[in-house]
Amino acid sequence: MNIVKRIALPLTLIVGIVFILTTAWSQDEMTVVDNSVFDNPQRPVSVFEHDLHNEAAGIDECNVCHHVYEDGQLVEDESSEDMSCSDCHDLETSDGQPPLMSAFHANCKGCHEAEGKGPIMCGECHIK
Ligand code: HEC
Ligand code: HEC
Ligand code: HEC
Ligand code: HEC
(Lines give C-alpha, C1' and ligand atoms only; values in the text may rest on other atoms or scores of the structure.)
(Ligands and ions follow the chains in the order given, each with its own letter.)
Protein backbone atom coordinates (compact mmCIF):
# COMPACT_ATOMS: atom_id res chain seq x y z
CA MET A 1 0.00 0.00 0.00
CA ASN A 2 2.63 2.46 1.15
CA ILE A 3 4.78 2.04 -1.90
CA VAL A 4 1.80 2.57 -4.18
CA LYS A 5 1.07 5.87 -2.44
CA ARG A 6 4.70 6.90 -2.67
CA ILE A 7 4.97 6.37 -6.42
CA ALA A 8 1.46 7.52 -7.34
CA LEU A 9 2.19 11.25 -7.45
CA PRO A 10 5.55 11.05 -9.26
CA LEU A 11 4.01 8.63 -11.72
CA THR A 12 1.11 11.00 -12.44
CA LEU A 13 3.60 13.82 -12.95
CA ILE A 14 5.72 11.79 -15.35
CA VAL A 15 2.71 10.67 -17.37
CA GLY A 16 1.53 14.29 -17.46
CA ILE A 17 4.89 15.60 -18.64
CA VAL A 18 5.17 12.93 -21.33
CA PHE A 19 1.65 13.81 -22.49
CA ILE A 20 2.45 17.52 -22.70
CA LEU A 21 5.70 16.84 -24.57
CA THR A 22 4.12 14.54 -27.15
CA THR A 23 1.26 17.00 -27.71
CA ALA A 24 3.70 19.88 -28.17
CA TRP A 25 5.78 17.70 -30.53
CA SER A 26 2.84 16.75 -32.73
CA GLN A 27 1.77 20.39 -33.01
CA ASP A 28 5.26 21.07 -34.29
CA GLU A 29 5.03 18.61 -37.17
CA MET A 30 5.27 20.10 -40.62
CA THR A 31 1.95 20.41 -42.44
CA VAL A 32 2.93 22.94 -45.14
CA VAL A 33 6.16 23.89 -46.90
CA ASP A 34 7.35 27.22 -45.48
CA ASN A 35 7.07 29.79 -48.29
CA SER A 36 8.56 32.73 -46.38
CA VAL A 37 11.70 32.73 -48.55
CA PHE A 38 9.62 33.81 -51.55
CA ASP A 39 9.50 37.62 -51.53
CA ASN A 40 5.90 37.99 -52.55
CA PRO A 41 4.11 34.60 -52.68
CA GLN A 42 1.61 34.32 -55.53
CA ARG A 43 -0.08 31.15 -54.31
CA PRO A 44 -1.38 29.83 -51.01
CA VAL A 45 1.33 27.85 -49.26
CA SER A 46 1.60 24.23 -50.42
CA VAL A 47 0.19 21.41 -48.28
CA PHE A 48 2.84 18.93 -47.17
CA GLU A 49 2.31 16.78 -44.10
CA HIS A 50 5.94 15.70 -43.99
CA ASP A 51 5.82 12.46 -41.96
CA LEU A 52 2.34 11.32 -43.01
CA HIS A 53 3.14 12.06 -46.65
CA ASN A 54 6.38 10.12 -46.67
CA GLU A 55 4.81 7.18 -44.90
CA ALA A 56 1.83 7.07 -47.28
CA ALA A 57 4.13 7.44 -50.28
CA GLY A 58 6.40 4.68 -48.95
CA ILE A 59 9.58 6.77 -49.17
CA ASP A 60 12.32 5.34 -46.92
CA GLU A 61 15.31 7.39 -47.95
CA CYS A 62 15.45 10.96 -46.67
CA ASN A 63 17.80 12.00 -49.45
CA VAL A 64 15.24 11.35 -52.15
CA CYS A 65 14.43 14.97 -51.29
CA HIS A 66 17.23 16.08 -48.93
CA HIS A 67 20.01 15.35 -51.40
CA VAL A 68 23.70 16.17 -51.43
CA TYR A 69 25.70 16.68 -54.63
CA GLU A 70 29.44 16.82 -55.04
CA ASP A 71 30.84 18.05 -58.36
CA GLY A 72 27.45 17.45 -59.96
CA GLN A 73 27.29 13.86 -58.69
CA LEU A 74 24.63 12.67 -56.26
CA VAL A 75 26.20 11.42 -53.02
CA GLU A 76 24.21 8.27 -52.31
CA ASP A 77 24.38 7.89 -48.54
CA GLU A 78 24.38 11.51 -47.47
CA SER A 79 21.41 13.65 -46.54
CA SER A 80 20.93 17.41 -46.19
CA GLU A 81 17.90 17.13 -43.91
CA ASP A 82 19.41 19.72 -41.56
CA MET A 83 19.27 22.32 -44.36
CA SER A 84 16.52 24.18 -46.16
CA CYS A 85 16.14 23.71 -49.90
CA SER A 86 16.70 27.47 -50.14
CA ASP A 87 20.16 27.13 -48.56
CA CYS A 88 21.34 25.78 -51.92
CA HIS A 89 18.58 26.73 -54.36
CA ASP A 90 18.41 30.49 -54.92
CA LEU A 91 15.30 32.30 -56.08
CA GLU A 92 17.10 32.93 -59.39
CA THR A 93 19.17 30.45 -61.41
CA SER A 94 22.65 29.60 -60.20
CA ASP A 95 25.36 27.19 -61.36
CA GLY A 96 23.16 24.89 -63.42
CA GLN A 97 20.93 23.88 -60.53
CA PRO A 98 17.23 24.72 -60.67
CA PRO A 99 16.05 27.90 -58.94
CA LEU A 100 13.93 27.35 -55.84
CA MET A 101 10.42 27.22 -57.31
CA SER A 102 11.49 24.88 -60.13
CA ALA A 103 13.38 22.74 -57.62
CA PHE A 104 10.22 22.25 -55.56
CA HIS A 105 8.04 21.62 -58.61
CA ALA A 106 10.50 19.19 -60.21
CA ASN A 107 10.87 17.29 -56.94
CA CYS A 108 7.19 17.18 -55.92
CA LYS A 109 5.35 17.06 -59.24
CA GLY A 110 8.16 15.11 -60.88
CA CYS A 111 7.69 12.18 -58.54
CA HIS A 112 3.89 12.37 -58.63
CA GLU A 113 4.01 12.21 -62.43
CA ALA A 114 6.54 9.39 -62.44
CA GLU A 115 4.55 7.34 -59.93
CA GLY A 116 1.12 8.25 -61.28
CA LYS A 117 0.13 9.13 -57.70
CA GLY A 118 -0.13 12.38 -55.78
CA PRO A 119 -1.36 15.81 -56.94
CA ILE A 120 -0.27 17.47 -60.20
CA MET A 121 -2.79 20.34 -60.41
CA CYS A 122 -1.86 23.72 -58.90
CA GLY A 123 -4.87 23.91 -56.60
CA GLU A 124 -4.29 20.43 -55.19
CA CYS A 125 -1.03 21.53 -53.53
CA HIS A 126 -1.63 25.28 -53.21
CA ILE A 127 -4.91 24.86 -51.38
CA LYS A 128 -6.71 28.05 -50.41
C1 HEC B 1 2.91 18.73 -55.95
C2 HEC B 1 2.64 20.00 -55.33
C3 HEC B 1 2.63 21.25 -56.18
C4 HEC B 1 1.93 21.48 -57.34
C5 HEC B 1 1.01 20.51 -58.09
C6 HEC B 1 2.21 22.83 -57.72
N7 HEC B 1 3.05 23.41 -56.82
FE8 HEC B 1 3.70 25.34 -56.83
N9 HEC B 1 4.89 24.96 -55.23
C10 HEC B 1 4.92 23.79 -54.52
C11 HEC B 1 5.84 23.94 -53.41
C12 HEC B 1 6.18 22.87 -52.40
C13 HEC B 1 6.34 25.26 -53.46
C14 HEC B 1 7.30 25.96 -52.48
C15 HEC B 1 6.56 26.34 -51.18
C16 HEC B 1 5.28 27.07 -51.43
O17 HEC B 1 5.28 28.17 -51.99
O18 HEC B 1 4.23 26.48 -51.08
C19 HEC B 1 5.72 25.89 -54.62
C20 HEC B 1 5.95 27.19 -55.02
C21 HEC B 1 5.26 27.85 -56.01
C22 HEC B 1 5.42 29.25 -56.34
C23 HEC B 1 6.41 30.21 -55.69
C24 HEC B 1 5.84 30.75 -54.40
C25 HEC B 1 4.70 31.70 -54.61
O26 HEC B 1 3.61 31.42 -54.05
O27 HEC B 1 4.85 32.68 -55.35
C28 HEC B 1 4.53 29.53 -57.35
C29 HEC B 1 4.30 30.88 -58.04
C30 HEC B 1 3.85 28.29 -57.68
N31 HEC B 1 4.32 27.29 -56.84
C32 HEC B 1 2.90 28.15 -58.66
C33 HEC B 1 2.33 26.95 -59.04
C34 HEC B 1 1.46 26.78 -60.20
C35 HEC B 1 0.99 27.92 -61.11
C36 HEC B 1 1.12 25.46 -60.27
C37 HEC B 1 0.29 24.73 -61.33
C38 HEC B 1 0.74 24.90 -62.70
C39 HEC B 1 1.78 24.79 -59.15
N40 HEC B 1 2.50 25.73 -58.44
C41 HEC B 1 1.68 23.44 -58.84
C42 HEC B 1 4.21 22.65 -54.80
C43 HEC B 1 3.35 22.46 -55.86
C1 HEC C 1 9.23 13.90 -50.27
C2 HEC C 1 10.34 14.74 -49.90
C3 HEC C 1 10.93 14.58 -48.52
C4 HEC C 1 11.38 13.42 -47.90
C5 HEC C 1 11.37 12.00 -48.45
C6 HEC C 1 11.89 13.82 -46.61
N7 HEC C 1 11.74 15.17 -46.46
FE8 HEC C 1 12.30 16.26 -44.84
N9 HEC C 1 11.58 17.97 -45.73
C10 HEC C 1 11.08 18.04 -47.01
C11 HEC C 1 10.78 19.41 -47.34
C12 HEC C 1 10.23 19.92 -48.64
C13 HEC C 1 11.12 20.18 -46.20
C14 HEC C 1 11.04 21.69 -46.06
C15 HEC C 1 12.34 22.22 -46.56
C16 HEC C 1 12.37 23.71 -46.73
O17 HEC C 1 11.46 24.39 -46.24
O18 HEC C 1 13.33 24.22 -47.33
C19 HEC C 1 11.62 19.24 -45.21
C20 HEC C 1 12.08 19.59 -43.94
C21 HEC C 1 12.68 18.72 -43.06
C22 HEC C 1 13.25 19.10 -41.78
C23 HEC C 1 13.23 20.51 -41.22
C24 HEC C 1 12.37 20.54 -39.98
C25 HEC C 1 11.09 21.23 -40.12
O26 HEC C 1 10.07 20.68 -39.63
O27 HEC C 1 11.05 22.35 -40.68
C28 HEC C 1 13.78 17.98 -41.21
C29 HEC C 1 14.48 17.87 -39.86
C30 HEC C 1 13.55 16.89 -42.13
N31 HEC C 1 12.87 17.37 -43.23
C32 HEC C 1 13.97 15.59 -41.91
C33 HEC C 1 13.71 14.53 -42.77
C34 HEC C 1 14.11 13.15 -42.48
C35 HEC C 1 14.85 12.69 -41.24
C36 HEC C 1 13.66 12.40 -43.54
C37 HEC C 1 13.75 10.91 -43.73
C38 HEC C 1 13.25 10.09 -42.65
C39 HEC C 1 13.00 13.32 -44.48
N40 HEC C 1 13.06 14.59 -43.97
C41 HEC C 1 12.44 12.94 -45.68
C42 HEC C 1 10.90 16.99 -47.87
C43 HEC C 1 11.19 15.68 -47.60
C1 HEC D 1 23.31 20.98 -50.00
C2 HEC D 1 22.72 21.70 -51.12
C3 HEC D 1 21.36 21.30 -51.59
C4 HEC D 1 20.21 21.19 -50.84
C5 HEC D 1 20.04 21.42 -49.36
C6 HEC D 1 19.15 20.86 -51.76
N7 HEC D 1 19.65 20.77 -53.04
FE8 HEC D 1 18.59 20.32 -54.72
N9 HEC D 1 20.31 20.37 -55.83
C10 HEC D 1 21.55 20.75 -55.35
C11 HEC D 1 22.51 20.76 -56.46
C12 HEC D 1 23.97 21.13 -56.37
C13 HEC D 1 21.78 20.38 -57.61
C14 HEC D 1 22.32 20.27 -59.05
C15 HEC D 1 22.78 18.88 -59.34
C16 HEC D 1 23.36 18.80 -60.74
O17 HEC D 1 24.44 19.34 -60.92
O18 HEC D 1 22.69 18.21 -61.58
C19 HEC D 1 20.40 20.14 -57.18
C20 HEC D 1 19.40 19.71 -58.03
C21 HEC D 1 18.08 19.61 -57.69
C22 HEC D 1 17.02 19.18 -58.59
C23 HEC D 1 17.18 18.72 -60.04
C24 HEC D 1 17.90 17.40 -60.08
C25 HEC D 1 17.21 16.36 -59.29
O26 HEC D 1 17.83 15.78 -58.37
O27 HEC D 1 16.01 16.11 -59.51
C28 HEC D 1 15.85 19.24 -57.87
C29 HEC D 1 14.48 18.89 -58.36
C30 HEC D 1 16.19 19.69 -56.51
N31 HEC D 1 17.54 19.90 -56.44
C32 HEC D 1 15.27 19.86 -55.48
C33 HEC D 1 15.61 20.10 -54.14
C34 HEC D 1 14.67 20.18 -53.03
C35 HEC D 1 13.17 20.06 -53.17
C36 HEC D 1 15.40 20.40 -51.89
C37 HEC D 1 14.91 20.46 -50.46
C38 HEC D 1 14.09 19.34 -50.00
C39 HEC D 1 16.80 20.47 -52.29
N40 HEC D 1 16.88 20.29 -53.64
C41 HEC D 1 17.85 20.67 -51.40
C42 HEC D 1 21.87 21.06 -54.06
C43 HEC D 1 21.00 21.03 -52.97
C1 HEC E 1 9.54 10.29 -54.30
C2 HEC E 1 8.14 10.55 -54.60
C3 HEC E 1 7.44 11.78 -54.06
C4 HEC E 1 7.95 13.03 -53.82
C5 HEC E 1 9.38 13.52 -54.01
C6 HEC E 1 6.84 13.84 -53.34
N7 HEC E 1 5.70 13.10 -53.31
FE8 HEC E 1 3.83 13.78 -52.73
N9 HEC E 1 3.10 11.91 -53.00
C10 HEC E 1 3.79 10.82 -53.47
C11 HEC E 1 2.91 9.67 -53.53
C12 HEC E 1 3.29 8.26 -53.99
C13 HEC E 1 1.65 10.12 -53.08
C14 HEC E 1 0.37 9.30 -52.95
C15 HEC E 1 0.36 8.68 -51.57
C16 HEC E 1 -0.88 7.87 -51.34
O17 HEC E 1 -1.07 6.91 -52.06
O18 HEC E 1 -1.64 8.27 -50.43
C19 HEC E 1 1.79 11.56 -52.76
C20 HEC E 1 0.77 12.34 -52.29
C21 HEC E 1 0.85 13.70 -52.05
C22 HEC E 1 -0.23 14.54 -51.59
C23 HEC E 1 -1.67 14.10 -51.30
C24 HEC E 1 -1.71 13.26 -50.05
C25 HEC E 1 -1.26 14.00 -48.86
O26 HEC E 1 -0.26 13.58 -48.23
O27 HEC E 1 -1.88 15.01 -48.51
C28 HEC E 1 0.26 15.81 -51.47
C29 HEC E 1 -0.48 17.07 -51.02
C30 HEC E 1 1.66 15.77 -51.85
N31 HEC E 1 1.98 14.46 -52.20
C32 HEC E 1 2.51 16.84 -51.84
C33 HEC E 1 3.87 16.78 -52.11
C34 HEC E 1 4.79 17.91 -52.03
C35 HEC E 1 4.39 19.33 -51.67
C36 HEC E 1 6.03 17.43 -52.35
C37 HEC E 1 7.33 18.19 -52.45
C38 HEC E 1 7.74 18.96 -51.28
C39 HEC E 1 5.89 16.01 -52.63
N40 HEC E 1 4.58 15.65 -52.47
C41 HEC E 1 6.96 15.18 -53.01
C42 HEC E 1 5.12 10.79 -53.83
C43 HEC E 1 6.02 11.84 -53.73
- For Val32, which sequence-distant residues (separation of 5 or more, or a different chain) have an amide H within less than 5 Å of its own amide H, given hydrogens modelled in the peptide plane? Phe48
- Item | Phi to ³J(HN,Hα) by Karplus 6.51 cos²θ - 1.76 cosθ + 1.60 over the range 54-70, Hz, x for Gly, Pro | 5, 5, 4, 7, x, 8, 8, 8, 4, 7, 4, 10, 8, 8, 10, 10, 10
- Item | Difference of contour (0.36 nm per residue) and Cα-Cα distance, Glu49 to Asp95 | 13.5 nm
- Query: Within straight cross-link reach of Lys117, meaning Cα distance under 22 Å, which lysines are found once same-chain residues fewer than 8 apart are removed?
  - Reply: Lys109, Lys128
- Scattering profile of the chain at q = 0.15 Å⁻¹ [log10 I(q)/I(0), Debye over alpha-carbon scatterers]: -0.84
- Task: Place a label point 7 angstrom from the Cα of Glu29 along the Cα-to-Cβ direction, then list the residues of the range 43-70 whose backbone nitrogen is under 12 Å away.
- Result: 49-56
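Of all the accessible heavy-atom surface of the chain, with the other protein chains kept in place and a 1.4 Å probe, what percent is carbon and sulfur? Walk me through the intermediate numbers first.
Values: 6130 of 10480 Å².
Ligands and nucleic acids excluded, carbon and sulfur give 59 percent.
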- Which angle from 0 to 90°, rounded to the nearest 10, does the C-alpha axis of helix 100-115 make with the longest principal axis of the chain? 80
- From largest accessible area down, sort Met121, Met30; use a 1.4 Å probe on the protein chains. Met121, Met30
- Message: Give me the 1.4 Å probe accessible area per residue for the chain, excluding ligands and nucleic acids, in Å².
- Response: 82
- Query: Accessible surface of Glu113 in the full protein assembly, 1.4 angstrom probe, to the nearest 10 Å²?
  - Reply: 120
- Item | Cα long-axis angle, helix 2-28 against the chain (0 to 90 degrees, to the nearest 10) | 20
- Rounded to the nearest 0.05, what FRET efficiency do Val75 and Ala103 have when you use their Cβ-Cβ distance and R0 = 22 Å? 0.80
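The values are calculated or read from the model by the stated rules, or taken from the named source; none is laboratory data. All values derive from a computational prediction rather than experimental measurement. We place every Cβ from the backbone using ideal geometry, glycine too, and count neighbours over all the protein chains shown. With ligands, DNA and RNA removed, areas are computed over all heavy atoms of the protein, side chains included. Shrake-Rupley method; radii C 1.70, N 1.55, O 1.52, S 1.80 Å.
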